[in-house]
Amino acid sequence: MLNSLFSYERSTRPLSSVALSSSKVSSISAFCAFSTLVMSLLLASSVTGQTIWEENFTGESDSATGAGGITLTGDQWSATTTSSISSTLDVGGGDFSWSTANDGTGNASYSCTWTSDPIDAAGYTNLQVAIGTNAGDGSVTSTVSGAVGSTVITIVITMGKNDVHTLDLIQLTGTSSCTPTTWYADPDVDGLGNSSSTLSACSQPEGYVADSTDLCDDTSACNYDANSNANASCQTNDACGVCG
């Protein structure tokens, strides 16, 4: 009865005697290569970008307790509760936490707003917030706002009474949108740079200039124009003998 309903052909050849044709082997190899390529692209697309700023709460230790409207200020951030419930803001042990007491009303929701100090994100696009540890009760939303030179991260935690939520390793990431410029060291601060001492950066680093025509970078020399022997601000010859 069963044989009449389900018919099948049983191979009598041992497994070791089954061979794949060269065309099938080529097809399998091509499929594996394609799968590897797709996986590489997926992994590449998951990269969030460069880290512009981060807060990991290392070395910070403080707390604030009260019934609504309490504020806790850290090294480069602040947090405020706007609810009427008694709660505690705490930073210590390498993370930030907010806990609510058990004196809330029914299923009401309460909130805490964590805000970073302004961040200089000039030269970056696709700004995103990444949170390494985001654990506990309730829900969390994060936004990035403000001009690129003064970007602010805002994280809002919403939860009920007798709850707790923890945050750690908050990062602002982005994609560099500038073309780096070559800058030249100017140790004698005469506005002329040393062509043999360079640094590539999107904005001018301290101690570097765009010019590369300095003939004598000597920190003991007076400021002079390397292309002129008639610099009135230089009273004596410097180490190179350029000024007169």
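A short reminder: the numbers here are calculations on the coordinates, not readings from a lab. All figures in this text were calculated on a predicted structure; none of them were measured in a lab. Every residue, glycine as well, gets a Cβ built from its backbone with ideal geometry; the counts of neighbours run over all protein chains shown.
When each of the peptides 165-173, 134-142 is scored by how many other beta carbons lie within 10 Å of its residues on average, the order from highest to lowest is 165-173, 134-142. Relative to its residue count, the stretch 89-137 spans a Cα convex hull of 141 Å³ per residue.
For the stretch 85-183, a Kirkwood radius taken over Cα pairs fed into Stokes-Einstein (10 °C, viscosity 1.306 mPa s) yields D = 105 µm²/s. Multiplying the residue separation of Ala147 and Ser109 by 0.36 nm and subtracting their alpha-carbon distance yields 10.5 nm. Full extension of the chain between Thr181 and Ser84 yields a length gain of 29.6 nm, computed as 0.36 nm times the residue separation minus the alpha carbon distance. Between beta-carbons, use under 12 Å as the cut-off and find the net charge around Leu72, counting Lys and Arg +1, Asp and Glu -1. Net of charged neighbours comes to -4.
Magnitude of the charge dipole for the stretch 71-225, about its Cα centre and with charges confined to Cβ atoms of Lys, Arg (+1) and Asp, Glu (-1), is about 1040 debye.
Charge tally for Asn107 (other residues, Cβ to Cβ under 12 Å; Lys, Arg +1; Asp, Glu -1): 0. Computed over neighbours whose Cβ is under 11 Å from that of Ile157, the net charge equals -2, Lys and Arg +1, Asp and Glu -1.
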